[in-house]
1. Can you name the condition, by its number, that residue 385 falls short on among (1) crowded, with 16+ Cβ neighbours inside 10 Å; (2) outside the structural domain of residue 284 (by TED's automatic domain parsing); (3) over 27 Å from residue 462 (Cα atoms); (4) over 30 Å from the mean Cα position of the chain (by Cα)?
2. Can you name every one of the strands (runs of 3 or more DSSP E) wholly within the range 434-547 that holds 1 or more residues which are outside the structural domain of residue 418 (by TED's automatic domain parsing)?
3. Tally time: how many residues in the range 60-103 are outside any loop (DSSP other than H, G, I, E, B), in contact with a helix residue (DSSP H, G or I) (Cβ under 6 Å, 6 or more places away or on another chain) and without any contact (Cβ under 8 Å) to a residue 24 or more places away in the chain?
4. Select, from 506, 481, the only residue that is on the phi < 0 side of the Ramachandran plot, without any contact (Cβ under 8 Å) to a residue 24 or more places away in the chain and over 41 Å from the mean Cα position of the chain (by Cα).
5. Of everything in the range 236-247, what is assigned to a loop (DSSP other than H, G, I, E, B) and either surrounded by 14 or more Cβ atoms within 10 Å (Cβ to Cβ) or outside the structural domain of residue 181 (by TED's automatic domain parsing) (or both)? Give them in sequence order.
6. Kindly indicate whether residue 274 is more than 14 Å from residue 539 (Cα to Cα), modelled with pLDDT under 85, in contact with a strand residue (DSSP E or B) (Cβ under 9 Å, 6 or more places away or on another chain) and surrounded by 15 or more Cβ atoms within 10 Å (Cβ to Cβ).
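The values are calculated or read from the model by the stated rules, or taken from the named source; none is laboratory data. A quick note: this is a predicted structure, and the numbers were derived from the prediction, not measured. A quick note on method: Cβ atoms are made from the backbone with ideal geometry, for glycine too, and the neighbour counts reach across all protein chains shown.
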């Protein structure tokens, strides 16, 4: 882990602690205003490191020892008159070991202990109900005000967000299968600019993602889109769907990217991945793709249009950065169709395969990580013929198979330089420490797929009845020899609906098998709409940004900050609603570890992003704290409403039972979010 990553994590931990400290400061200031005796105000949790009390000064750990030594009893046990006589402050201010949170200890009020009441006129329970309501809600108010202030700062400085321009429409996604209203064949496409989402202006691409993730089940998302060379605006009504079990609802849209390779730590990861291929060894972090085949490109979608028109031929590209220009020949690879698996859980490591008509290539080693235990055992270009007991594995099938293994030794049979080689390697956490890719240059098939999911229906693949053996070698299509999957793909497309191809069985006798197929119109369309790809996917490039700024006008910044605060409060409540509707899965929740992990990545983008992130967390804290649940401020406020209506507080027995329930809910939430955080980090 780099120093920058550690520093960013420290920033987020301190920022998170600051947010909770501000929350508690609200309670403290309001308690002082209400005349309630505040015995302690602490920043952080756990053991005290330093403390301060007027009349004692600064102390290592608590001031109680000095107070007792000087006056014979603790300050908390003294009356107001005694404190005044001894020239002591009623409040001990302390800094504690864990830099997360804080608390205010008020006389006659303890969270989780309703019995801690007092007859002292300055106790919490003796204070008028109206003032107690102010004290209870002050923490939430402070978090809302802080969030508004942080938003104002961000908009005054200016914050870059991903522009609401489409960069990719995922094949088979809800967005890809929806045409514009009033048109039969006018789907969304890269380069489209989304103007409104459900009638509201689309300021950033995040607005699109939030609208789909937070959509009510069964209610479509309405996008109004502007397209170049299209006179009128286009309207799309898209029904979001979850692509993973209990995952977020999605449209299948991704933001547009520029031609600038990602900078920063993300850029280093991109370069590490690119340097695995010899042709990209000269590229550096932050370089920009300038031309393709001599033609200037400004956005990734323009580059991709050359990829799709290449017919498999490599592209001549020119890159610029740090005062130098570099030429790189970029290979183009054939895309195979996505086959959704009928017998694999949506939550599996990989629940789809890429293939043709139910046939998939073998899997090979693309690269071996330097930290892998199999470094020197497995080599790049090794084709996996057998892994443990799994013969001729498909890529997704292999990943799912490996995820079930315990740590230890594992055997391989690989095809290396035309020879079959037996190897013994190591598996750790269900991983081999390698990058897996499809062996497109080897004309052999892995285990055939017999059934697939089309929508929600399980159907047979075109080759289901052909009894093709795993490991068979593809010989030719309609009498024309094929030597790799590119040639196989091209021959299948050229054949139309009636296809005849031959294979040789994997046995030494190499029995020849002829397969004759009559494709349905849907299967033929899948073949004719296959695309091309390159080792430069959109995710490697920096997004196209739009600047959200007040233009230096503080009043505009104030309005933008206020609007953003209201919007985020509404969004937090909508998220809770979608949790109950189960369109947002519990596995999407993050706890403190997840917040630090995400926040550290955001902090890497600059302080304006850090402040924006902290503002969102501050609002979440405010909303969650004011839910009508025991223990939190919302539950205490509800008790005060009850006391106002019925002229007496809820019974101690009820409050004790509710406190136990509240603690149980909080503990459950902590366990769930802690598990989610760890699962994400390990994954």
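1. (3)
2. Counting at least 1 such residues, we get 541-543.
3. Residues that pass the stated criteria total 1.
4. Result: 481 is the single residue among 506, 481 that is on the phi < 0 side of the Ramachandran plot, without any contact (Cβ under 8 Å) to a residue 24 or more places away in the chain and over 41 Å from the mean Cα position of the chain (by Cα).
5. Answer for the range 236-247, where residues must be assigned to a loop (DSSP other than H, G, I, E, B) and either surrounded by 14 or more Cβ atoms within 10 Å (Cβ to Cβ) or outside the structural domain of residue 181 (by TED's automatic domain parsing) (or both): 239, 240, 243, 244, 246, 247.
6. Taking the combined requirement at face value, the residue does not satisfy it.
One line per residue, one yes/no per condition, for (1) within 17 Å of residue 135 (Cβ to Cβ); (2) in a loop (DSSP other than H, G, I, E, B); (3) modelled with pLDDT of 90 or more:
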position: 29; (1), (2), (3): yes, no, yes
position: 41; (1), (2), (3): yes, no, yes
position: 44; (1), (2), (3): no, no, no
position: 47; (1), (2), (3): no, no, yes
position: 51; (1), (2), (3): no, no, yes
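One line per residue, one yes/no per condition, for (1) crowded, with 17+ Cβ neighbours inside 10 Å; (2) more than 32 Å from the chain's Cα centre (by Cα); (3) touching a residue at least 24 places away in the same chain (Cβ under 8 Å); (4) on the phi > 0 side of the Ramachandran plot:
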{"site": "396", "(1), (2), (3), (4)": "yes, no, yes, no"}
{"site": "402", "(1), (2), (3), (4)": "yes, no, yes, no"}
{"site": "415", "(1), (2), (3), (4)": "yes, yes, yes, no"}
{"site": "463", "(1), (2), (3), (4)": "yes, yes, yes, no"}
{"site": "477", "(1), (2), (3), (4)": "yes, yes, yes, no"}
{"site": "488", "(1), (2), (3), (4)": "yes, yes, yes, no"}
{"site": "491", "(1), (2), (3), (4)": "yes, yes, no, no"}
{"site": "497", "(1), (2), (3), (4)": "no, yes, yes, no"}
